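Reading through the structure tokens given below for one structure.
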Amino acid sequence: MEAKPGKKERLLGIQTRVSWTFFLFIVLMVALLWLLQIQLLDQFYRYEKRRTLQNVSASIAGNIDNTDLNTLIERVAEDNSLCVLVVDKSMETVYSADTAFSCIIHHLNHRDLRRMAQKLETDGKDFVLFPMQRVRNSGFDRQRFAFPVPLPMNDEGGEYLVSVQRATLEDGSEYYVLLNTLVTPVTSTVQTIRSELWVLTTALLLIGFLLSSILSRKISRPIIRTTEAAHALSQGEYTPISDANAYREIAQLNRQLTQAARDLRKVEETQRELIANISHDLRTPLTLIEGYVEAMRDIPGENTPENLQVILDETHRLTTLVNAVLDYSRSQNAAPEENSRRFSLTASIREILTRYGKLTEQDGYVIRFEQQGEAYIQADPLKISQVVYNLINNALTYTGDDKTVTITQTIRDGHVRISVTDTGEGIEPEELPYIWNRYYRGKKPHKRAAVGTGLGLNIARGILDGYGMDYGAESTVGKGSTFWFEMETAGDE
């Protein structure tokens, strides 16, 4: 539904929309950063600790028969802050490494170690993880000290993670690999990150606001200029836009608008030319009619059959001019299916040629019809005859001194082609693509065999396009031109 005149549009401009979209994108990225670094940091940290235990445990178990296993254990324990303990079936220590700040597996008795090992049998797994809560010294009281002690708000002791994995030697005996690590609270880390995020958030929002303003203006400026140019085009004015710094799509749009402006100017010029031509063609018969009527009124004895015949002939000329314009209008708007029926195209052409009998007798024109069989088509007889009339009139207008026009009918592969050939001066190759265009007139002067407006070929084109027929023109300069159209046959009767 179109907006009512005077009603204020509520749609956002492209500059505002781009600016807000980019700014909201920055806000969303900052919010996602806060979520990952503050709310989910502890969960990621715990997940990584568990994954480290599982990977180290699998590495030790896989190298249980290696003579340099002790070197591997010391290295992974040091790099990952782990306690490592490898025991046999009787829970006696085979390998040991203690590099962690706090370790509990080295303080467990044989009964506790055996209970952990039995968990593997109970669960039917080769790897089991035991979370254990770490308890802080409850005797600590910060109130006994002089200055505020910078402890985290959540002063929990964290938790221990203990893992147990079965390792089988080549001789079939079993060892148990126990790992221990401390999962400390990340509260202090979160506080540090939070302080950094406040600075980062402020900087990102400021940068996002500046960039959104700059980018929105840069993106919207060529679009606004193109919109203003299109608005001027609707008022009959257009100035080509320089698209040196525009985007590819905007540059293409500007080129299309420039071409549309040229086409509109060309249409206006041809319309003015058409009006001038029609006005000239109308003025001549009207002047003659007016002169003869005044003579018959004012001069005795001028009311003769000859003068009346002149008036009648000029009236026919006026009728022909008006009908040509009306035919053009109907050819642009009428549906091709109207009044469509099966008829003989060959017989229709013969009937048309009989109507040119007077012209051929009085003015010496020769119209030949060379046919190949009898062609039947499915179409509107009046429209098809109008096409034939216009092609013949065009040929009579431009034919040579021998005043000969040849109509050829050929039937092949279920199609019939009608060709109309004149013997005139021909059409220049650069003009040939435009001869069917509306209002187009050739550059060479010519005589007219019959009254017309110059719309004949375009009227024929409109009818042929409506039926989807193939048509075209061929010409050789100095030898004449051939206009043709082709359509499917409807079979013989």
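Quick grid of which residues meet (1) closer than 30 Å to LYS119 by Cβ; (2) modelled with pLDDT of 75 or more:
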| position | (1), (2) |
| --- | --- |
| GLY157 | yes, no |
| GLN165 | yes, yes |
| GLY172 | yes, yes |
| SER234 | no, no |
Members of the range 26-47 that are closer than 17 Å to GLN191 by Cβ, in contact (Cβ under 8 Å) with a residue 12 or more places away in the chain and open to solvent by 60 Å² or more (accessible area, probe 1.4 Å)
GLN37, TYR45
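Can you spot a residue in the range 181-191 that is on the phi < 0 side of the Ramachandran plot, at pLDDT 85 or above and open to solvent by less than 80 Å² (accessible area, probe 1.4 Å)?
Of the residues in the range 181-191, the ones on the phi < 0 side of the Ramachandran plot are 181-191.
Checking which are at pLDDT 85 or above leaves us with 181.
Next cut, open to solvent by less than 80 Å² (accessible area, probe 1.4 Å) only: 181.
Checking the range 181-191: at least one residue is on the phi < 0 side of the Ramachandran plot, at pLDDT 85 or above and open to solvent by less than 80 Å² (accessible area, probe 1.4 Å).
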Being open to solvent by 80 Å² or more (accessible area, probe 1.4 Å) and not in a helix (DSSP H, G or I) is the filter here, so list the residues in the range 293-309 that pass it.
ILE299, PRO300, ASN303
Looking only at residues that are at pLDDT below 80 and among the hydrophobic types (A, V, I, L, M, F, W, C) in the range 424-459, which one is nearest to ARG265 (Cα to Cα)?
LEU455
Which count do you get for residues in the range 77-100 that are open to solvent by 50 Å² or more (accessible area, probe 1.4 Å), of a type in the set (Asp, Glu) and closer than 16 Å to ILE64 by Cα?
1
Which one is modelled with the lowest pLDDT among residues in the range 128-155 that are out of contact with any helix residue (DSSP H, G or I) (no Cβ under 6 Å at 6 or more places or on another chain) and assigned to a strand (DSSP E or B)?
GLN133
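Determine if the range 389-404 includes at least one residue that is assigned to a strand (DSSP E or B), within 47 Å of the chain's Cα centre (by Cα), closer than 19 Å to LEU464 by Cβ and of a type in the set (S, T, N, Q).
Among the residues of the range 389-404, not one is assigned to a strand (DSSP E or B), within 47 Å of the chain's Cα centre (by Cα), closer than 19 Å to LEU464 by Cβ and of a type in the set (S, T, N, Q), which makes the answer no.
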Do any residues in the range 469-493 that are at positive phi have Cβ atoms under 8 Å from those of residues that are crowded, with 17+ Cβ neighbours inside 10 Å and small (Gly, Ala, Ser), where the two are at least six apart or on different chains, and which pairs are they?
GLY478/GLY426; GLY480/GLY424; GLY480/GLY426
Is there any pair with a first residue in the range 190-211 that is among the small types (Gly, Ala, Ser) and a second that is assigned to a helix (DSSP H, G or I) whose Cβ atoms are under 7 Å apart and which are 6 or more apart or on different chains, and what are they?
GLY208/PHE22; GLY208/PHE23; GLY208/ILE26
Residue, farthest from the chain's Cα centre (by Cα), within the range 103-122, restricted to residues that are under 14 Å from GLU174 (Cβ atoms) and loosely packed, with under 13 Cβ neighbours inside 10 Å:
GLN118
Flagged in the range 338-365 as modelled with pLDDT of 85 or more and open to solvent by 60 Å² or more (accessible area, probe 1.4 Å), in numbering order, are ARG341, ARG342, ARG350, GLU351
Could you tell me which residue of the range 455-474 is farthest from THR421 (Cα to Cα), considering only residues that are assigned to a helix (DSSP H, G or I) and open to solvent by 60 Å² or more (accessible area, probe 1.4 Å)?
ASP465
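The values are calculated or read from the model by the stated rules, or taken from the named source; none is laboratory data. For clarity, every value in this text was computed on a predicted model and none was experimentally measured. Note that we place each Cβ from the backbone using ideal geometry, even for glycine, and neighbour counts take in every protein chain shown. For the accessible areas, the whole protein counts, side chains as well, though only heavy atoms, and no ligand, DNA or RNA atoms are used. Shrake-Rupley method; radii C 1.70, N 1.55, O 1.52, S 1.80 Å.
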